[in-house]
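The block underneath contains the structure these notes are about, expressed in C-alpha coordinates.
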Amino acid sequence: MAITGWFVLLVAAGVVPVVALSDAVPAELTLLGWLVLCAVLASIDLLVAASPRALILQRQTDARVRLTETARATLFVTNPSRRTMRGAIRDAWEPSAGASPKRQSLRVPPGERRAIVTQLTPWRRGERRTALVTVRSRGPLRLAERQASIRVPGAITVLPEFASRRHLPSRLARLRELDGRTSVMLRGHGTEFDSLREYVRGDDVRSIDWRATARRSGGPGTGNGAGQTLMVRTWRPERDRHVVVIVDSGRTAAARIANETRLDTAFESTLLLSALADRAGDRVDVAIYDRRVRGRVQGARGADLLSKLVETMAPVDPELIETDYSAIPGLVRSMTTQRSLVVLCMPLESPGATRGLLTMLPQLTTRHLVLVAAVTDPALFEAAGERDNRAEVYRAAAAERALLDAERVAAAVRRLGGDVVTGAPLDLPPAVADRYLAYKAAGRL
(Lines give C-alpha, C1' and ligand atoms only; values in the text may rest on other atoms or scores of the structure.)
Protein backbone atom coordinates (compact mmCIF):
# COMPACT_ATOMS: atom_id res chain seq x y z
CA MET A 1 0.00 0.00 0.00
CA ALA A 2 0.95 3.66 -0.24
CA ILE A 3 -0.42 6.80 1.36
CA THR A 4 -1.19 9.97 -0.56
CA GLY A 5 -0.62 13.62 0.16
CA TRP A 6 -4.27 13.92 1.14
CA PHE A 7 -3.70 11.52 4.04
CA VAL A 8 -0.79 13.65 5.26
CA LEU A 9 -2.97 16.77 5.11
CA LEU A 10 -5.73 14.94 7.00
CA VAL A 11 -3.32 14.02 9.78
CA ALA A 12 -2.01 17.59 9.90
CA ALA A 13 -5.57 18.85 10.16
CA GLY A 14 -5.73 17.12 13.55
CA VAL A 15 -4.20 20.28 15.02
CA VAL A 16 -7.63 21.93 14.79
CA PRO A 17 -9.52 19.55 17.11
CA VAL A 18 -6.56 19.31 19.46
CA VAL A 19 -6.57 23.10 19.92
CA ALA A 20 -10.36 23.43 19.94
CA LEU A 21 -10.92 20.69 22.56
CA SER A 22 -7.87 21.38 24.66
CA ASP A 23 -9.97 22.76 27.55
CA ALA A 24 -12.41 19.83 27.72
CA VAL A 25 -10.32 16.84 26.64
CA PRO A 26 -6.61 16.18 27.15
CA ALA A 27 -4.60 16.90 24.04
CA GLU A 28 -3.04 13.39 24.05
CA LEU A 29 -6.42 11.71 23.90
CA THR A 30 -7.66 14.05 21.15
CA LEU A 31 -4.55 13.42 19.10
CA LEU A 32 -4.80 9.65 19.58
CA GLY A 33 -8.47 9.64 18.57
CA TRP A 34 -7.72 11.70 15.48
CA LEU A 35 -4.94 9.32 14.41
CA VAL A 36 -7.24 6.34 14.90
CA LEU A 37 -9.89 8.05 12.79
CA CYS A 38 -7.36 8.73 10.02
CA ALA A 39 -6.19 5.09 10.10
CA VAL A 40 -9.77 3.80 9.90
CA LEU A 41 -10.59 6.07 6.96
CA ALA A 42 -7.39 5.03 5.15
CA SER A 43 -8.17 1.33 5.75
CA ILE A 44 -11.68 1.73 4.38
CA ASP A 45 -10.31 3.59 1.37
CA LEU A 46 -7.77 0.82 0.80
CA LEU A 47 -10.39 -1.93 0.99
CA VAL A 48 -12.73 -0.17 -1.42
CA ALA A 49 -10.00 0.45 -4.03
CA ALA A 50 -9.90 -1.94 -6.98
CA SER A 51 -7.19 -4.62 -6.95
CA PRO A 52 -4.35 -3.80 -9.39
CA ARG A 53 -3.42 -7.47 -9.67
CA ALA A 54 -6.81 -8.24 -11.20
CA LEU A 55 -5.93 -6.16 -14.27
CA ILE A 56 -5.16 -7.87 -17.58
CA LEU A 57 -2.21 -6.18 -19.31
CA GLN A 58 -1.22 -6.65 -22.96
CA ARG A 59 1.64 -4.94 -24.76
CA GLN A 60 2.02 -3.80 -28.37
CA THR A 61 5.36 -2.20 -29.29
CA ASP A 62 7.06 -1.26 -32.55
CA ALA A 63 9.65 -3.88 -33.47
CA ARG A 64 12.45 -1.42 -34.23
CA VAL A 65 13.24 2.25 -34.36
CA ARG A 66 16.20 4.24 -35.62
CA LEU A 67 18.29 6.03 -33.02
CA THR A 68 16.92 9.52 -32.10
CA GLU A 69 13.60 8.75 -33.80
CA THR A 70 10.37 8.14 -31.86
CA ALA A 71 8.37 4.93 -31.55
CA ARG A 72 5.11 4.02 -29.79
CA ALA A 73 4.70 1.50 -27.00
CA THR A 74 1.04 0.78 -26.30
CA LEU A 75 -0.15 -0.96 -23.14
CA PHE A 76 -3.73 -2.27 -23.15
CA VAL A 77 -5.25 -2.34 -19.65
CA THR A 78 -8.41 -4.42 -19.13
CA ASN A 79 -10.42 -4.24 -15.90
CA PRO A 80 -12.39 -7.48 -15.38
CA SER A 81 -13.49 -6.60 -11.82
CA ARG A 82 -16.67 -4.89 -10.68
CA ARG A 83 -14.92 -1.81 -9.33
CA THR A 84 -13.67 1.18 -11.26
CA MET A 85 -9.90 1.33 -11.41
CA ARG A 86 -8.62 4.80 -10.53
CA GLY A 87 -4.99 5.63 -10.05
CA ALA A 88 -1.73 5.81 -11.97
CA ILE A 89 0.39 3.51 -14.12
CA ARG A 90 4.11 3.47 -14.90
CA ASP A 91 5.69 1.44 -17.70
CA ALA A 92 9.22 0.83 -16.42
CA TRP A 93 11.39 1.10 -19.56
CA GLU A 94 15.15 1.39 -19.30
CA PRO A 95 16.27 5.03 -18.91
CA SER A 96 18.10 4.90 -22.27
CA ALA A 97 14.80 4.08 -23.99
CA GLY A 98 13.71 7.69 -23.44
CA ALA A 99 10.16 6.82 -22.35
CA SER A 100 7.75 9.74 -22.02
CA PRO A 101 5.64 10.32 -20.02
CA LYS A 102 7.00 8.20 -17.20
CA ARG A 103 3.69 8.10 -15.29
CA GLN A 104 0.14 8.39 -16.55
CA SER A 105 -3.21 8.64 -14.86
CA LEU A 106 -5.49 5.61 -15.17
CA ARG A 107 -9.25 5.23 -15.03
CA VAL A 108 -10.82 1.99 -16.28
CA PRO A 109 -14.52 1.30 -15.60
CA PRO A 110 -15.58 -2.30 -14.89
CA GLY A 111 -15.38 -4.58 -17.94
CA GLU A 112 -13.68 -2.00 -20.16
CA ARG A 113 -10.23 -1.56 -21.67
CA ARG A 114 -7.96 1.46 -22.04
CA ALA A 115 -4.82 2.02 -24.15
CA ILE A 116 -1.85 3.68 -22.46
CA VAL A 117 0.59 5.06 -25.05
CA THR A 118 4.24 5.76 -24.21
CA GLN A 119 6.52 7.60 -26.61
CA LEU A 120 10.02 6.09 -26.89
CA THR A 121 12.89 8.28 -28.09
CA PRO A 122 15.98 6.16 -27.34
CA TRP A 123 19.43 7.70 -27.08
CA ARG A 124 21.39 4.42 -27.05
CA ARG A 125 21.64 1.80 -29.75
CA GLY A 126 20.77 -1.85 -29.06
CA GLU A 127 17.85 -3.67 -27.51
CA ARG A 128 15.96 -1.57 -24.97
CA ARG A 129 13.77 -3.59 -22.60
CA THR A 130 11.05 -3.29 -20.05
CA ALA A 131 9.94 -5.95 -17.62
CA LEU A 132 7.52 -4.50 -15.06
CA VAL A 133 4.43 -2.33 -15.10
CA THR A 134 3.61 -0.65 -11.79
CA VAL A 135 -0.04 0.14 -11.09
CA ARG A 136 -1.42 2.18 -8.17
CA SER A 137 -5.12 1.87 -7.44
CA ARG A 138 -6.59 4.79 -5.47
CA GLY A 139 -9.66 4.61 -3.24
CA PRO A 140 -12.61 7.02 -3.52
CA LEU A 141 -11.37 9.06 -0.52
CA ARG A 142 -7.89 9.44 -2.12
CA LEU A 143 -6.20 8.69 1.18
CA ALA A 144 -4.49 5.35 0.42
CA GLU A 145 -3.47 3.40 -2.67
CA ARG A 146 -2.90 -0.24 -3.49
CA GLN A 147 0.24 -0.87 -5.53
CA ALA A 148 1.41 -3.86 -7.54
CA SER A 149 4.21 -4.47 -10.04
CA ILE A 150 3.10 -6.81 -12.82
CA ARG A 151 5.56 -8.53 -15.13
CA VAL A 152 4.82 -7.64 -18.75
CA PRO A 153 8.10 -8.00 -20.68
CA GLY A 154 8.71 -6.01 -23.82
CA ALA A 155 11.62 -4.90 -26.01
CA ILE A 156 12.42 -2.68 -28.96
CA THR A 157 15.50 -2.82 -31.18
CA VAL A 158 17.22 0.53 -31.65
CA LEU A 159 19.04 0.65 -34.99
CA PRO A 160 22.05 2.88 -35.75
CA GLU A 161 21.11 6.44 -36.63
CA PHE A 162 22.96 6.58 -39.98
CA ALA A 163 23.19 10.36 -39.70
CA SER A 164 25.88 10.36 -42.38
CA ARG A 165 23.29 9.44 -45.05
CA ARG A 166 22.95 13.18 -45.69
CA HIS A 167 26.35 12.96 -47.42
CA LEU A 168 25.20 10.20 -49.77
CA PRO A 169 23.51 12.28 -52.52
CA SER A 170 26.59 14.44 -53.13
CA ARG A 171 28.88 11.38 -53.25
CA LEU A 172 26.55 9.60 -55.63
CA ALA A 173 26.64 12.63 -57.91
CA ARG A 174 30.45 12.48 -57.91
CA LEU A 175 30.26 8.77 -58.61
CA ARG A 176 28.09 9.42 -61.67
CA GLU A 177 30.64 11.97 -62.85
CA LEU A 178 33.37 9.37 -62.54
CA ASP A 179 31.33 6.85 -64.53
CA GLY A 180 30.92 9.40 -67.32
CA ARG A 181 34.61 10.10 -67.74
CA THR A 182 36.84 8.61 -70.45
CA SER A 183 37.78 5.01 -69.75
CA VAL A 184 41.21 4.31 -68.35
CA MET A 185 43.61 3.46 -71.19
CA LEU A 186 45.40 0.69 -69.39
CA ARG A 187 45.65 -3.01 -70.01
CA GLY A 188 46.47 -5.37 -67.19
CA HIS A 189 45.34 -7.01 -63.99
CA GLY A 190 42.09 -5.79 -62.55
CA THR A 191 40.64 -4.19 -65.74
CA GLU A 192 37.76 -5.04 -68.03
CA PHE A 193 36.97 -4.24 -71.67
CA ASP A 194 34.93 -1.07 -72.12
CA SER A 195 34.65 -0.02 -75.80
CA LEU A 196 36.40 0.47 -79.17
CA ARG A 197 37.71 3.70 -80.63
CA GLU A 198 40.02 4.85 -83.41
CA TYR A 199 43.76 4.61 -82.93
CA VAL A 200 45.65 7.82 -82.06
CA ARG A 201 49.39 8.33 -81.89
CA GLY A 202 50.75 7.22 -78.53
CA ASP A 203 48.30 4.33 -77.96
CA ASP A 204 49.74 0.96 -76.98
CA VAL A 205 49.88 -1.16 -80.17
CA ARG A 206 49.02 -4.20 -78.07
CA SER A 207 45.53 -2.73 -77.63
CA ILE A 208 44.79 -2.81 -81.39
CA ASP A 209 41.81 -5.00 -82.15
CA TRP A 210 42.61 -6.44 -85.61
CA ARG A 211 39.19 -8.01 -86.14
CA ALA A 212 37.43 -4.73 -85.47
CA THR A 213 39.97 -2.99 -87.71
CA ALA A 214 39.22 -5.42 -90.56
CA ARG A 215 35.48 -4.93 -90.15
CA ARG A 216 35.85 -1.14 -90.10
CA SER A 217 38.08 -1.19 -93.19
CA GLY A 218 35.73 -3.35 -95.24
CA GLY A 219 37.09 -6.86 -94.66
CA PRO A 220 40.37 -8.77 -94.66
CA GLY A 221 40.92 -8.35 -98.39
CA THR A 222 41.43 -4.62 -98.26
CA GLY A 223 45.05 -4.95 -97.12
CA ASN A 224 46.92 -2.55 -94.90
CA GLY A 225 46.70 0.51 -97.10
CA ALA A 226 47.01 4.07 -95.98
CA GLY A 227 43.23 4.41 -95.79
CA GLN A 228 42.84 1.67 -93.21
CA THR A 229 41.45 2.82 -89.82
CA LEU A 230 42.95 1.05 -86.84
CA MET A 231 40.64 0.30 -83.91
CA VAL A 232 41.91 -0.07 -80.36
CA ARG A 233 40.28 -1.44 -77.23
CA THR A 234 39.75 0.80 -74.23
CA TRP A 235 39.79 -0.60 -70.75
CA ARG A 236 38.39 0.50 -67.47
CA PRO A 237 38.71 -0.72 -63.88
CA GLU A 238 36.44 -3.61 -63.06
CA ARG A 239 33.12 -2.46 -61.74
CA ASP A 240 32.44 -5.56 -59.70
CA ARG A 241 35.19 -5.13 -57.15
CA HIS A 242 35.24 -6.29 -53.56
CA VAL A 243 35.17 -4.02 -50.50
CA VAL A 244 35.79 -5.65 -47.11
CA VAL A 245 35.21 -3.63 -43.94
CA ILE A 246 36.56 -4.83 -40.58
CA VAL A 247 35.18 -2.94 -37.57
CA ASP A 248 37.13 -3.17 -34.31
CA SER A 249 34.79 -3.80 -31.36
CA GLY A 250 37.51 -4.18 -28.71
CA ARG A 251 38.10 -2.07 -25.62
CA THR A 252 39.42 0.96 -27.54
CA ALA A 253 36.12 1.16 -29.40
CA ALA A 254 34.34 1.99 -26.12
CA ALA A 255 36.03 5.41 -25.82
CA ARG A 256 33.56 8.27 -26.17
CA ILE A 257 34.58 11.07 -28.52
CA ALA A 258 32.27 14.04 -29.11
CA ASN A 259 29.44 12.31 -27.24
CA GLU A 260 29.55 9.05 -29.20
CA THR A 261 31.68 5.94 -29.00
CA ARG A 262 34.33 5.09 -31.54
CA LEU A 263 32.26 2.04 -32.43
CA ASP A 264 29.28 4.21 -33.39
CA THR A 265 31.52 6.38 -35.57
CA ALA A 266 32.88 3.24 -37.25
CA PHE A 267 29.32 2.07 -37.89
CA GLU A 268 28.44 5.42 -39.49
CA SER A 269 31.51 5.21 -41.74
CA THR A 270 30.68 1.62 -42.68
CA LEU A 271 27.07 2.39 -43.57
CA LEU A 272 27.97 5.34 -45.78
CA LEU A 273 30.79 3.48 -47.54
CA SER A 274 28.62 0.40 -48.03
CA ALA A 275 25.75 2.39 -49.53
CA LEU A 276 28.13 4.20 -51.89
CA ALA A 277 30.07 1.09 -52.94
CA ASP A 278 26.88 -0.87 -53.52
CA ARG A 279 25.55 1.86 -55.83
CA ALA A 280 28.88 1.72 -57.66
CA GLY A 281 28.33 -1.98 -58.34
CA ASP A 282 30.96 -3.25 -55.91
CA ARG A 283 30.42 -6.12 -53.52
CA VAL A 284 30.57 -5.20 -49.83
CA ASP A 285 31.25 -7.56 -46.93
CA VAL A 286 31.41 -6.37 -43.31
CA ALA A 287 32.68 -8.07 -40.16
CA ILE A 288 32.64 -6.78 -36.57
CA TYR A 289 35.50 -8.33 -34.67
CA ASP A 290 37.53 -8.22 -31.43
CA ARG A 291 38.60 -11.72 -30.43
CA ARG A 292 35.62 -13.32 -32.11
CA VAL A 293 33.33 -12.30 -34.92
CA ARG A 294 30.50 -10.34 -33.29
CA GLY A 295 28.60 -9.86 -36.53
CA ARG A 296 29.06 -10.50 -40.24
CA VAL A 297 27.20 -9.48 -43.40
CA GLN A 298 28.17 -11.15 -46.69
CA GLY A 299 26.58 -11.47 -50.11
CA ALA A 300 23.88 -8.84 -49.61
CA ARG A 301 23.08 -6.30 -52.32
CA GLY A 302 20.86 -3.25 -52.70
CA ALA A 303 18.38 -2.33 -50.00
CA ASP A 304 18.95 -5.72 -48.37
CA LEU A 305 22.57 -4.74 -47.64
CA LEU A 306 21.76 -1.73 -45.46
CA SER A 307 18.90 -3.58 -43.80
CA LYS A 308 21.16 -6.46 -42.77
CA LEU A 309 23.93 -4.10 -41.71
CA VAL A 310 21.81 -2.07 -39.29
CA GLU A 311 20.22 -5.21 -37.85
CA THR A 312 23.65 -6.75 -37.30
CA MET A 313 25.12 -3.59 -35.78
CA ALA A 314 22.20 -2.79 -33.47
CA PRO A 315 22.94 -5.24 -30.60
CA VAL A 316 26.76 -4.96 -30.73
CA ASP A 317 28.51 -3.10 -27.90
CA PRO A 318 32.27 -2.81 -27.35
CA GLU A 319 33.88 -5.65 -25.42
CA LEU A 320 36.40 -4.60 -22.77
CA ILE A 321 39.07 -6.94 -24.12
CA GLU A 322 42.13 -6.47 -26.32
CA THR A 323 41.54 -7.01 -30.03
CA ASP A 324 43.39 -9.96 -31.58
CA TYR A 325 44.90 -8.30 -34.65
CA SER A 326 46.78 -11.44 -35.69
CA ALA A 327 43.53 -13.18 -36.73
CA ILE A 328 42.38 -10.37 -39.06
CA PRO A 329 44.26 -11.62 -42.20
CA GLY A 330 42.61 -15.03 -41.81
CA LEU A 331 39.24 -13.32 -41.39
CA VAL A 332 39.77 -11.35 -44.60
CA ARG A 333 40.80 -14.52 -46.46
CA SER A 334 37.59 -16.18 -45.36
CA MET A 335 35.62 -13.32 -46.91
CA THR A 336 37.47 -12.85 -50.21
CA THR A 337 40.18 -14.50 -52.30
CA GLN A 338 40.68 -11.69 -54.82
CA ARG A 339 42.43 -8.34 -54.51
CA SER A 340 40.08 -6.04 -52.62
CA LEU A 341 39.80 -2.79 -50.77
CA VAL A 342 40.13 -3.67 -47.07
CA VAL A 343 38.95 -0.91 -44.73
CA LEU A 344 40.04 -1.28 -41.11
CA CYS A 345 37.96 0.89 -38.75
CA MET A 346 40.46 0.96 -35.90
CA PRO A 347 42.05 3.64 -33.70
CA LEU A 348 45.59 4.87 -34.29
CA GLU A 349 46.97 5.71 -30.87
CA SER A 350 50.40 5.25 -29.32
CA PRO A 351 52.89 2.90 -31.04
CA GLY A 352 52.71 0.50 -28.11
CA ALA A 353 48.93 0.14 -28.31
CA THR A 354 49.01 -0.48 -32.07
CA ARG A 355 51.97 -2.86 -32.23
CA GLY A 356 49.69 -5.76 -33.10
CA LEU A 357 48.09 -3.78 -35.93
CA LEU A 358 51.47 -2.80 -37.41
CA THR A 359 52.74 -6.38 -37.17
CA MET A 360 49.70 -7.74 -38.98
CA LEU A 361 49.45 -5.08 -41.68
CA PRO A 362 52.08 -6.43 -44.18
CA GLN A 363 50.05 -9.63 -44.54
CA LEU A 364 47.21 -7.54 -45.96
CA THR A 365 49.07 -4.89 -47.95
CA THR A 366 50.94 -7.48 -50.03
CA ARG A 367 47.65 -8.62 -51.56
CA HIS A 368 45.03 -5.94 -50.90
CA LEU A 369 44.55 -2.19 -50.97
CA VAL A 370 44.33 -1.37 -47.25
CA LEU A 371 42.77 1.75 -45.75
CA VAL A 372 42.82 2.42 -42.00
CA ALA A 373 39.98 4.72 -40.87
CA ALA A 374 40.61 6.24 -37.44
CA VAL A 375 38.59 8.80 -35.50
CA THR A 376 40.41 11.73 -33.91
CA ASP A 377 39.36 13.64 -30.81
CA PRO A 378 38.63 17.34 -31.54
CA ALA A 379 39.30 18.08 -27.86
CA LEU A 380 42.99 17.31 -28.44
CA PHE A 381 43.30 20.08 -31.03
CA GLU A 382 41.46 22.50 -28.75
CA ALA A 383 43.67 21.62 -25.78
CA ALA A 384 46.81 22.00 -27.90
CA GLY A 385 45.88 25.59 -28.69
CA GLU A 386 45.03 26.75 -25.15
CA ARG A 387 48.14 27.97 -23.29
CA ASP A 388 46.97 30.85 -21.10
CA ASN A 389 48.15 29.43 -17.77
CA ARG A 390 50.42 26.75 -16.39
CA ALA A 391 47.74 24.04 -16.23
CA GLU A 392 46.74 24.68 -19.85
CA VAL A 393 50.37 24.58 -20.96
CA TYR A 394 50.82 21.12 -19.43
CA ARG A 395 47.53 20.01 -20.96
CA ALA A 396 48.61 21.36 -24.35
CA ALA A 397 51.91 19.45 -24.08
CA ALA A 398 50.04 16.22 -23.37
CA ALA A 399 47.70 16.86 -26.32
CA GLU A 400 50.62 17.54 -28.65
CA ARG A 401 52.26 14.33 -27.50
CA ALA A 402 49.10 12.34 -28.25
CA LEU A 403 48.76 13.93 -31.70
CA LEU A 404 52.42 13.24 -32.51
CA ASP A 405 52.03 9.59 -31.45
CA ALA A 406 48.99 9.20 -33.71
CA GLU A 407 50.91 10.77 -36.60
CA ARG A 408 53.86 8.44 -36.03
CA VAL A 409 51.56 5.42 -36.19
CA ALA A 410 49.89 6.77 -39.35
CA ALA A 411 53.32 7.25 -40.96
CA ALA A 412 54.24 3.67 -40.02
CA VAL A 413 51.04 2.40 -41.66
CA ARG A 414 51.92 4.25 -44.88
CA ARG A 415 55.45 2.83 -44.87
CA LEU A 416 53.96 -0.65 -44.63
CA GLY A 417 51.90 -0.06 -47.77
CA GLY A 418 48.61 1.00 -46.24
CA ASP A 419 46.68 4.25 -46.40
CA VAL A 420 45.22 6.30 -43.57
CA VAL A 421 42.21 8.58 -43.28
CA THR A 422 41.39 10.36 -40.03
CA GLY A 423 38.74 12.79 -38.89
CA ALA A 424 36.41 13.87 -36.12
CA PRO A 425 33.27 11.75 -35.57
CA LEU A 426 31.20 13.92 -37.90
CA ASP A 427 33.96 14.21 -40.52
CA LEU A 428 35.25 10.63 -40.71
CA PRO A 429 32.34 8.99 -42.64
CA PRO A 430 32.44 11.47 -45.56
CA ALA A 431 36.25 11.36 -45.52
CA VAL A 432 36.20 7.57 -45.97
CA ALA A 433 33.68 7.93 -48.81
CA ASP A 434 35.86 10.57 -50.47
CA ARG A 435 38.92 8.34 -50.28
CA TYR A 436 36.94 5.51 -51.88
CA LEU A 437 35.96 7.84 -54.74
CA ALA A 438 39.59 8.92 -55.09
CA TYR A 439 40.60 5.28 -55.53
CA LYS A 440 37.92 4.94 -58.19
CA ALA A 441 39.08 8.05 -60.02
CA ALA A 442 42.73 6.91 -59.96
CA GLY A 443 41.85 3.46 -61.29
CA ARG A 444 43.12 1.76 -58.14
CA LEU A 445 39.74 0.16 -57.48
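The values are calculated or read from the model by the stated rules, or taken from the named source; none is laboratory data. Every value quoted in this text rests on a predicted model; they were computed, and no experiment measured them. When we count neighbours, we look across all protein chains shown, and the Cβ atoms used for this are built from the backbone with ideal geometry, even at glycine. Side chains are part of the model used for accessible areas, which takes the heavy atoms of the whole protein and leaves out ligands, DNA and RNA. Shrake-Rupley method; radii C 1.70, N 1.55, O 1.52, S 1.80 Å.
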Qualifying trypsin sites (Lys or Arg not before Pro) in segment 287-320, DSSP loop, other Cβ atoms within 10 Å at most 15: 291, 292, 301
Estimated 222 nm signal from helices in the chain, with DSSP H stretches of n ≥ 4 weighted -39500 (n - 2.57), rounded to 500: -11000 deg cm²/dmol
Antiparallel %, DSSP beta bridges [both residues in the chain], to 5: 70
Tensor-based shape of segment 329-445 (alpha-carbon gyration tensor, a/c under 1.5 rounded, otherwise prolate or oblate): prolate
Contact order normalised by residue count of segment 322-434, Cα under 8 Å, 6+ apart, percent: 31
Top of 317, 203, 62 by mean-square fluctuation, Gaussian network on the chain, Cα under 10 Å: 203
In segment 77-121, trypsin sites (Lys or Arg not before Pro) in a DSSP loop with at most 10 other beta-carbon atoms within 10 Å: 82
Cα→Cβ-extended label distance, 7 Å offset, between residue 327 and residue 359, nm: 1.6
Most mobile listed residue (327, 54, 97) in the chain, GNM with C-alpha springs under 10 Å: 54
Three-way shape call for segment 30-121 based on the alpha-carbon gyration tensor, with the a/c threshold at 1.5: oblate
Area accessible to solvent at residue 70, 1.4 Å probe radius, in Å²: 80
Solvent exposure of the chain as accessible area per residue, Å², 1.4 Å probe: 52
Residue 93 - accessible surface, heavy atoms, 1.4 Å probe, Å² rounded to 10: 20
Inter-label distance for residue 174 and residue 296, nm, one decimal - labels placed 7 Å from Cα along Cα-to-Cβ: 3.2
List 91, 427, ordered by accessible area with a 1.4 Å probe, largest first: 427, 91
Debye, to nearest 20: dipole size of segment 277-420, +1 on Lys, Arg Cβ, -1 on Asp, Glu Cβ: 700
Most mobile of 139, 126, 423 in a GNM of the chain (Cα contacts under 10 Å): 139
With all protein chains modelled, accessible area of residue 268 [1.4 Å, Å²]: 20
Fraction of accessible area attributable to carbon and sulfur, the chain (%, probe 1.4 Å): 53
Correct choice for Cα extents along the principal axes in Å that was computed from the model, options [x] 57, 56, 44; [y] 103, 52, 36; [z] 137, 63, 36: [z]
Fully extended contour minus Cα-Cα distance, from residue 394 to residue 1, at 0.36 nm per residue: 135.6 nm
Cα-based shape type of segment 251-306, given that a ≥ b ≥ c are square roots of the gyration tensor eigenvalues and the cut on a/c is 1.5: oblate
Computed over the chain: relative contact order in percent, which uses C-alpha pairs under 8 Å that are six or more apart: 12
